[in-house]
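What follows is one structure encoded as structure tokens, with my remarks underneath.
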Amino acid sequence: MHISRTDLNLFVVFEAIYSRGGVTRAAEVLNLTQPTISHSLRRLRERIGDPLFVRHGQKLVPTTVANKLIQPVREALQLFEKTLGDLDGFDPQNVKMNFSIGMRSLMENTYFLPLVGIVKAAAPNISLTSNHYDRQNLEAELSSGTLNAAIDVFLPLSPAVKRMHLTKSPSVVVARKNHPTVSNDLDLDTYLSLDHIIVTSRPNGYGPEDIALSRLGKSRNIVVRCQQISTAMRIINESDLVLTMAQSFARQSNAILDHLIQPSPFGAPEIDTYLYWHSNSDSDQANQWFRKMVTASALGQTSAAAVKTD
């Protein structure tokens, strides 16, 4: 197959279908119609001599040939993008593009809300997407550009993924106002006598505070597990249950519901968060700018002018 006879845009479509798992989502990402995506896929299939994707339920599953193609195709597309970007420069005030950042849903109030404010003030034509992701797939999503960056706790990833420490937050205990037991001097015995909520997507297991308690030979009574901090806050509001969480998350989530927030009565670990990005975008001007916006918003800077760009 001669490259001179091949439309390189077909590989852009190929990568989008591979990353998104279907024609519909690829069309949305590329801002093209579904018939256009289907036509491009048909042309590439003819050129490659392989179906590339086969339907499995609601998804298009890549063939062996597609799996062999995807990494070199991604590297080539990223090289083209970087080369053209370096020629044009990056002007955030005039460019129109979308940045996608991965984070857990419990982090959105703390990190995504201020990020939207600082980005829209600096670059009105840039759009933002907050995406949930499977931690096992984080490196692949950063490498492919599905995610431009991610915020999470410390994760053991390969050297290809770069990280920068963002914030450190102490653990606090949240209870409803006028709680019959919790007061301004919450001690460990009282804490252990209470019923607790844990916010997690896992069906079982414990949080970092339980590990700290186990070192003291103690344990707490977890009676409710839920997936959203907003749900936990509502439960707290209507019961005597308490929630142990990072102070930064508690303050943001407590903006509407006036709960009691007390220091942890034992050595509960501080919560560290990190910014992650892939090394293949380390020198990309757009990604560098976006990382500065994420850092500024996480550190509480309220305008793009506060961010050094040298």
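Observations on the structure shown:
- Matching entry among L138, L147 (being under 10 Å from the mean Cα position of the chain (by Cα) and part of a loop (DSSP other than H, G, I, E, B)): L147
Condition check ((1) of a type outside the set (D, E, K, R); (2) free of Cβ contacts under 8 Å to residues at least 12 places away in the same chain; (3) buried (at least 20 other Cβ atoms within 10 Å of the Cβ); (4) over 26 Å from G102 (Cβ atoms)) across all residues:
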position	(1), (2), (3), (4)
V199	yes, no, yes, no
N221	yes, no, no, yes
I229	yes, no, yes, no
N237	yes, no, no, yes
D258	no, no, no, yes
F266	yes, no, no, yes
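- Output for segment 148-187, where each listed residue is acidic (D, E) and more than 22 Å from Q136 (Cβ to Cβ): D185, D187
- Filter pass, S143 being modelled with pLDDT of 90 or more, within 19 Å of M103 (Cα to Cα) and not assigned by TED's automatic domain parsing to the domain that holds N254: no
- Test: residue in segment 240-258 that is assigned to a helix (DSSP H, G or I) and acidic (D, E): no
- Positions within segment 83-107 being crowded, with 19+ Cβ neighbours inside 10 Å and at pLDDT below 90, in sequence order: P92, R104, L106, M107
- Residue under evaluation R202, criteria (1) assigned to a loop (DSSP other than H, G, I, E, B); (2) assigned by TED's automatic domain parsing to the domain that holds Q288, criterion not met: (2)
- Restricting segment 112-160 to residues that are closer than 22 Å to R20 by Cβ and free of Cβ contacts under 8 Å to residues at least 12 places away in the same chain, the residue that is surrounded by the fewest Cβ atoms within 10 Å (Cβ to Cβ): Q136
The values are calculated or read from the model by the stated rules, or taken from the named source; none is laboratory data. Since the structure is predicted, the reported quantities are computational estimates derived from the model, not experimental observations. Neighbour counts run over all protein chains shown; Cβ positions are idealised from the backbone, glycine included.
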